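Here the structure comes first, spelled out in structure tokens, and everything after it is commentary.
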Amino acid sequence: MQRRSIASTAVAALGLAAVGVASGPGLVVGGAALLGLLSGRLWGGAPSPAALRTWRLANAAALVMALLLVFLVSDRLMVGAGLVGWLLVHRAWTGRTPSDDRITLLLSTLGLLLACILSLDPLLLGIFFGFALLAPLALVQCLLDEAAPPGAPPPRVGALWAVGPAVIVIAAGLFVVLPRVQGGIGAGLGPAALPGFQPQVALGDHAMSRFNPDEVLRVVLTDQDGAQVEPPVYMRGVALDVFDGDGWRREPQNPVKVAAWPELPGTERWWVGEVTQVNTAGGALFTPPEMHALVPQEGAFHLRMDMSRNARGPTSLAVLRYTTYSVPYAPGALPAESAAIEAREAGLGRLEKAGLRSGLWTELPVGLDPRVVELAERLRIAAGPEASERARVEAVLAHFADFQYTLDPQPEHAGQPLSTFLFDAKAGHCEYFATGLAVLLRAQGVPARVVNGLYGGELNPYGGFLVFRQQDAHSWVEAWVGGRWVLLDATPEGGRSQEPDALRQIGELLLGSYRSIMLDYDLAAQLDGLGALRDRLGDRRGLGAVALGGAFVFGLGWLGRVGLRRLAGAAPRRPTDELGRLHAQAESLVRSRGWPLAAELPAVAAAERLVAEAGPLAEPLLALAWLRYRARLGGEPAAALRAEAQDALRALRQLPRRGAPR
Amino acid sequence: MRAGSAWAALRARWAAQNALWERERGLVRPTREGGWYLAVLAGVLVAAVNTGNNLLYVVLAMLMAIMIVSNLLAEWNLRSLRLRRRLPPELFAGAAASGALCVENHRRWGRSFALQIIDLDGGSGELARAVVPSVEPGGEAEAPATWRFPQRGPAGLRRLRVESRFPFGLLRRWRTFDVHEEVLVYPTLRRGLSPERGGAPFGARPDPQGRGGDGDLVGLREYSPGDPLRDLHWLTSARVGRPVVVIREALRRVEVIVRVPPVEGEALERALSEAAMEIVRHTAEGHAVGLELGAERRPARVGERWRRALLDALARFPGGAR
């Protein structure tokens, strides 16, 4: 196999690898295409005309099928990836020329493009690096093979191997300089939504994330002294208000834009959390319970909060960064009996008060199993007739002590109604525990709501942050006890922790760096960079913007040098021999008098045409042309003809201007 | 009318500057694959701007970097090159003339790759083309090329173009050089009357002056114009004070005088072609050949230079259908 074929095959393999890395189906498509590509290259033979016709037909059929599938299936990008893979296989089996290898490289670029849209995996960066190194070399080799005479070996690449690193350096510079403007036309292809954080969640939905190790957020959580807060930690996501018997939903509310306020809670102890969150929850912001303030990073978005204290940001940003200020909490830490009504009302928003008064968080669904209400009543009686609100709540909590936690529910229990969980199975995951607790509390008249969020977190000692993954998804209850919302968690502890893995933690640290440096580099970061540059260079107004703009224009100017430098002129090369100079002077004289000289004709013929048009006064030019020929072709010494040539030039000055009366 | 003439003058000036620019700096166009590449780049640009996806910006930056490197290397590849022709000594109209196109790399470092050298005619057509795979820095390379001139007479070769698709085959870049060269194209060689048909063609007759002999010395005589200089007897010339040449016995030398009849138009061209053929044939056989062309009489002589002089005269003879 020729060197160019090896290089182009390697680059094509990178393109298919990118598709494979980007998604699961992509792995299948990329793998199959790679097998076909390698088979075709290794075979190396020239296809017969019949085989070529067959391939052309197959190509046409593949294109038609791809067009149909685009309208029939939802995963159109995978259809595109399959088409690219097919075209690569087709080239590998039928193309044997450098031009075919070049087309292979272009198709590989399409593979990279699709991979970028499908995924943000950091492995893609490594693939791009390899592509940037190999693709220019492959293109150079294609050209050298094309330029070599038949049968002769092509010139060696030699120092041209440096084009790959040069491309990488220039690409890095362009990546920094290219302005980040986001058109936003059409639907974006952001990450899939995390189940359990939609406006409506069925029982069992939230548990779908329990086996997904994808990172959701990382938070640097410190206390008032700057000490790291140890896991496990609750991160509140979405509070759900209404239970309809099969699932929970948020009460439609008008979220209120809240100006960020970086106030500390006014207590002796507080937590500060710097959160970096992948926007997979429809804009829901994860915050520690007892949050008092939230500040979006550098004002990147407006904060909205509703009556259920759900903090929300925009859905358009891929990554959300913000800082939270919260009070340390203890799950189940119920307030003392002496909490006053004033304390009950203190600190509530107007909407929240309205929600409490309306009974939003004590509603029970129509058609609820009467046994649930009976159970709640039994538990209230068992707590004692004079039991306080706190005691009643503790009694309800204690009822779940004998229940089993099931990570993988039995099929007959999956999707079970609440009554089955409370009375028959007595086993389930966190959603059931939270739902049961909330419903029983509501049946006793205690306002309660279910909260879907994250619990646990893994401390990454290398980066000093807590990582929360989809498998940390958890449900618990917030109950209105003693004048405030209290976090209550009825789920047993089992199955909620996982063993840390050093290799994975280092990978997560690198992933965080990749995200912050590569993925989150935006216009704000560019302007920050310019500002930093300006500060370094001194306070020169607009220097940073001018530098960025100048670098961009300079880059465009390099690409458009031909057009820009057309404005420059250059003197045409003039003849060096003396008779030639005299002849050139004569031609300039003739043109200056307005007479055209046919540039495509030899000098003598052009002079003859001029004589035919201008008359005898142009004959000195013909004489000069012949004198020049005599010197160049006849071997006569130019010195002997100089005087005659000069006389002819002097005589030519009698030639009138074209159009002037004779 | 004034605006029109001003616009025409502006366009003429622009065309002249464009031609100057092409000669001095070169022009660039995308190839077929380059066109597809630019289309993909445009698509990636739109996708990156639309989504703000930084990975797409990485791909975009990479594609742009490849194009930038391509443009820079392409210009570098054609820098400090000099072109020249190596034409065969004799050019005949209508016949393939095999020569070479040469390129010199005057750079101190960096080879030039994948050069195509084209000899342009007055329009945009090609007279000859050659491919040079690479040229070392400070070196030169040549590749065979074939010219074909349609008509006899003086021909001006004006421009040589060097183009290359280096480094990636995505862009085609070229520079045009003014390499003026005036050549004389001899008439097409066309076989005419056979000497066997009726005596020597065009009136072949022996030279009464006894020139061209290379046998034994048989005498001396005064120099007359047309005598070869090698026949001058210097000692005798110095003694008598005037040029004297020797007379040698001719060793079965055939002297042929080719006479072109006084015809015009196509017939003249045909006659000139046949005369050229006879000159070439007889000089190749070692005969002394002379020429009667219009009012001009040239004696029969031998030698390569004389042959060229005769063919020159045929090429420059005015008239005919050119």
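The values are calculated or read from the model by the stated rules, or taken from the named source; none is laboratory data. Since we're looking at a predicted model, the values are computed, not measured. A quick note on method: Cβ atoms are made from the backbone with ideal geometry, for glycine too, and the neighbour counts reach across all protein chains shown. Calculation scope for accessible area: heavy atoms of the full protein, side chains included, ligands and nucleic acids excluded. Shrake-Rupley method; radii C 1.70, N 1.55, O 1.52, S 1.80 Å.
Quick check on A:Gly30: is it in contact (Cβ under 8 Å) with a residue 40 or more places away in the chain, touching a His at 6+ places or on another chain (Cβ under 9 Å) and assigned by TED's automatic domain parsing to the domain that holds A:Ala147? Break it down into steps so the answer makes sense when it comes.
Working: in contact (Cβ under 8 Å) with a residue 40 or more places away in the chain: yes; touching a His at 6+ places or on another chain (Cβ under 9 Å): no; assigned by TED's automatic domain parsing to the domain that holds A:Ala147: yes.
It is false that A:Gly30 is in contact (Cβ under 8 Å) with a residue 40 or more places away in the chain, touching a His at 6+ places or on another chain (Cβ under 9 Å) and assigned by TED's automatic domain parsing to the domain that holds A:Ala147.
If the condition is being touching a residue at least 60 places away in the same chain (Cβ under 8 Å) and within 7 Å of chain A (Cβ to nearest Cβ), then region B:26-62 contributes B:Leu27, B:Val28, B:Glu33, B:Tyr37. Residues of region B:116-150 that are within 10 Å of chain A (Cβ to nearest Cβ), among the polar types (S, T, N, Q) and touching a residue at least 40 places away in the same chain (Cβ under 8 Å): B:Gln116 alone. Is it the case that region A:271-280 has a residue that's over 14 Å from A:Tyr322 (Cα atoms), modelled with pLDDT of 70 or more and part of a loop (DSSP other than H, G, I, E, B)? There is no residue in region A:271-280 that is over 14 Å from A:Tyr322 (Cα atoms), modelled with pLDDT of 70 or more and part of a loop (DSSP other than H, G, I, E, B).
Being touching a helix residue (DSSP H, G or I) at 6+ places or on another chain (Cβ under 6 Å), surrounded by fewer than 22 Cβ atoms within 10 Å (Cβ to Cβ) and small (Gly, Ala, Ser) is a property that A:Ala135 lacks. Among the residues of region B:177-194, just one is in a strand (DSSP E or B) and away from chain A (no Cβ under 11 Å), namely B:Tyr186.
One line per residue, one yes/no per condition, for (1) among the charged types (D, E, K, R); (2) under 30 Å from A:Val176 (Cβ atoms); (3) more than 7 Å from every other protein chain (Cβ to nearest Cβ):
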position: B:Leu91; (1), (2), (3): no, no, yes
position: B:Ala97; (1), (2), (3): no, no, yes
position: B:Gly110; (1), (2), (3): no, yes, yes
position: B:Ala114; (1), (2), (3): no, no, no
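Please work out if B:Pro318 is within 25 Å of the chain's Cα centre (by Cα) and not in a helix (DSSP H, G or I). Here the answer is yes, as B:Pro318 does meet what is asked. Taking the numbered list (1) under 22 Å from B:His106 (Cα atoms); (2) open to solvent by 10 Å² or more (accessible area, probe 1.4 Å) in turn, B:Pro154 passes all entries but (1).
When the residues of region B:157-169 are narrowed to those that are within 8 Å of chain A (Cβ to nearest Cβ) and open to solvent by 20 Å² or more (accessible area, probe 1.4 Å), which ends up farthest from A:Ala607 (Cα to Cα)? Per the criteria, the residue is B:Arg165.
Hey, can you tell me all the residues within region A:161-186 that are in a helix (DSSP H, G or I), of a type outside the set (Phe, Trp, Tyr) and more than 7 Å from chain B (Cβ to nearest Cβ)? Those that are in a helix (DSSP H, G or I), of a type outside the set (Phe, Trp, Tyr) and more than 7 Å from chain B (Cβ to nearest Cβ): A:Ala162, A:Gly164, A:Pro165, A:Ile168, A:Val169, A:Ala172, A:Gly173, A:Val176, A:Val177.
Conditions tested, residue by residue: (1) at pLDDT 75 or above; (2) closer than 26 Å to A:Asp225 by Cα.
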| position | (1), (2) |
| --- | --- |
| A:Phe301 | no, no |
| A:Arg312 | yes, no |
| A:Ser326 | yes, yes |
| A:Ala354 | yes, no |
| A:Leu364 | yes, no |
| A:Glu374 | yes, no |
| A:Ala382 | yes, no |
| A:Glu386 | yes, no |
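Looking only at region A:120-158, residues that are modelled with pLDDT under 80 and under 19 Å from B:Arg111 (Cβ atoms) come to 8 in all. Looking across A:Ala401, A:Ala427, one residue alone is in the same structural domain as A:Glu374 (by TED's automatic domain parsing), open to solvent by 10 Å² or more (accessible area, probe 1.4 Å) and at pLDDT 85 or above. It is A:Ala401. Pick from region A:582-600 the residues that are within 13 Å of chain B (Cβ to nearest Cβ), modelled with pLDDT of 75 or more and loosely packed, with under 14 Cβ neighbours inside 10 Å: which of them is farthest from A:Leu655 (Cα to Cα)? Among those that are within 13 Å of chain B (Cβ to nearest Cβ), modelled with pLDDT of 75 or more and loosely packed, with under 14 Cβ neighbours inside 10 Å, it is A:Ala598.
Let's see how each residue does on (1) within 19 Å of B:Leu38 (Cα to Cα); (2) more than 12 Å from chain B (Cβ to nearest Cβ); (3) at pLDDT below 90; (4) part of a helix (DSSP H, G or I):
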{"residue": "A:Ser74", "(1), (2), (3), (4)": "no, yes, yes, no"}
{"residue": "A:Leu77", "(1), (2), (3), (4)": "no, no, yes, yes"}
{"residue": "A:Ala81", "(1), (2), (3), (4)": "no, yes, yes, yes"}
{"residue": "A:Arg91", "(1), (2), (3), (4)": "no, yes, yes, yes"}
{"residue": "A:Asp100", "(1), (2), (3), (4)": "yes, no, yes, yes"}
{"residue": "A:Ile103", "(1), (2), (3), (4)": "yes, no, yes, yes"}
{"residue": "A:Leu113", "(1), (2), (3), (4)": "yes, no, yes, yes"}
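Among the residues of this structure, B:Arg2 does not count as one that is exposed (fewer than 14 other Cβ atoms within 10 Å of the Cβ), under 16 Å from B:Val162 (Cβ atoms) and either modelled with pLDDT under 90 or touching a Cys at 6+ places or on another chain (Cβ under 7 Å) (or both). Between B:Glu196, B:Glu181, the distinction of being assigned by TED's automatic domain parsing to the domain that holds B:Arg148 and either modelled with pLDDT under 70 or open to solvent by less than 70 Å² (accessible area, probe 1.4 Å) (or both) belongs to B:Glu181 only.
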